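Only the coordinates and a few stated rules stand behind these numbers; no lab work does. Because the structure is a prediction, the values reported are computed rather than measured. Quick reminder, even Gly has a Cβ in these numbers, built from the backbone with ideal geometry, and neighbours come from all protein chains shown.
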Amino acid sequence: MIDIHSHLLYRVDDGPLSLEESLVLMKQATENGVTDIIVTPHSWAFAGEKNMDWLQDRFARFQEETRAIPIQLYLGMEHAVENYRRFVRRIDKEGILTLANSRYVLVEAMRLESGEEAEELVYEMKLRGYFPILAHPERMGSVKKDISIVRAFRKAGGFVQVTLEACDPTGSGMFHKAAIALLKEKQIDFLATDTHGLIRNCRNLAEVKKRIEQYVGKEFVQQVMIENPKKVLMDQEIKKRR
Ligand SMILES: [Fe+2]
C-alpha cells in the first residue's frame, strides 16, 4: 500500500510525540504491507520560523533517522481550507506544497457547505494546474448529512480520500456511516490512514483492507490503495471511471 495521508513526522503537528513513536508506527506499517508514505503535516502548524525551509530540513533529517526501515518517504502537507477564495488567493501569493512534488494537493475543507462551493474550489485549483484531493469528507458535517458535495467535487475533476478505518464494514459511528455511503457509490479515489500517532492509526490495516475487499471487491481496493497513489507519486493524471 501507498499511504498518501499520514502525520508520521514527529513533533511537528498533532502527530507522534517522539522519533520512537514514529519508528513503531513505521514498523507496524511495514508489517501491514505499506511500502510508501507521504507525510502530510497540517498546514496550521507552520508559521514564523517554522516555514517551508524548516520543514524541508526537518523532513530530510527524518529520512536519515528512519533509514533502517524499508519504507520510502515523501513530503506533502494537509492544507486547511477555511474559506476557499482566501485559500486560492494565498496559493497565488505564496505557492503551495503539493504531495511528493506532484500536482496533487491534499485539502481539508471541513467548512465546505454546498456543491457549488466544492465545484468552485476544484475549478480554481485546476485553473492553476493543481489536482485537489479532498481529505476525509466522511468527517465533514455537510457530508454526514448528504454526500452530494462529494459527488460535485469529483464531478468537477477533484479527487477524494477517505480514511481507511472508517470504511471497515464491521465499524460503527457517524464517520463510518458516511464513509460506507461513499464506498457503496465508489465516490472514493484514495484510501489512506491519516495516522496521528499510536492512539490514532490503523494498527490492523491488512485485516481492514481484506474486509473492505470482501465488501467492495479487490479491484477497487487495488485502485484506491495502490494504482491511484502510484499516479500521485509519478505525477500522472488519474482517469476516473464514472
Ligand atoms: Fe490528516
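Using a 10 Å cut-off on Cβ atoms, rank the peptides 217-224, 97-104, 169-176 from the highest mean neighbour count down. Spell out each step's value before the answer.
Numbers: 217-224: 16.1, 97-104: 20.1, 169-176: 13.2.
Ranking, from highest mean packing down: 97-104, 217-224, 169-176.
Based only on Cα atoms, what mean projected area does the convex hull of region 93-200 have, in nm²?
For the Cα atoms of region 93-200, the hull's average projected area reads 7.4 nm².
Filter the cross-link list K145/K239; K145/K218; K50/K209; K27/K230; K184/K230; K210/K230 down to pairs whose alpha-carbon distance in this structure exceeds 26 Å. Let's see the in-between values first.
Numbers: K145/K239 28 Å; K145/K218 29 Å; K50/K209 36 Å; K27/K230 21 Å; K184/K230 23 Å; K210/K230 20 Å.
Result: K145/K239; K145/K218; K50/K209 exceed 26 Å.
Would you mind classifying region 63-115 by shape? Square roots of the alpha carbon gyration tensor eigenvalues, ordered a ≥ b ≥ c; an a/c under 1.5 is rounded, otherwise it is prolate if a/b is larger than b/c and oblate if not. Walk me through the intermediate numbers first.
On the way: a/c = 3.42, a/b = 2.21, b/c = 1.55.
Prolate.
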Please express the shape of region 184-227 as an equivalent ellipsoid: the semi-axes are the square roots of 5 times the eigenvalues of the C-alpha gyration tensor, given largest first in whole angstrom.
-> 20, 12, 9
Mean Cβ neighbour count within 10 Å, used as a protection proxy, ranking 192-204, 228-240 highest first | 192-204, 228-240
Note down the Stokes-Einstein diffusion coefficient of region 1-74 in µm²/s, whole number, using a Kirkwood radius over alpha carbon pairs, 4 °C, and 1.567 mPa s.
-> 103 µm²/s
Cα extents of the chain along the principal axes, largest first, in whole Å, come to 46, 44, 31
Be a star and scan region 1-41 for residues whose amide nitrogen sits under 18 Å from the point 7 Å along the Cα-to-Cβ vector of Q56.
-> 39-41
Let me have the relative contact order for region 2-233, percent, based on Cα pairs under 8 Å that are six or more residues apart.
-> 21 percent
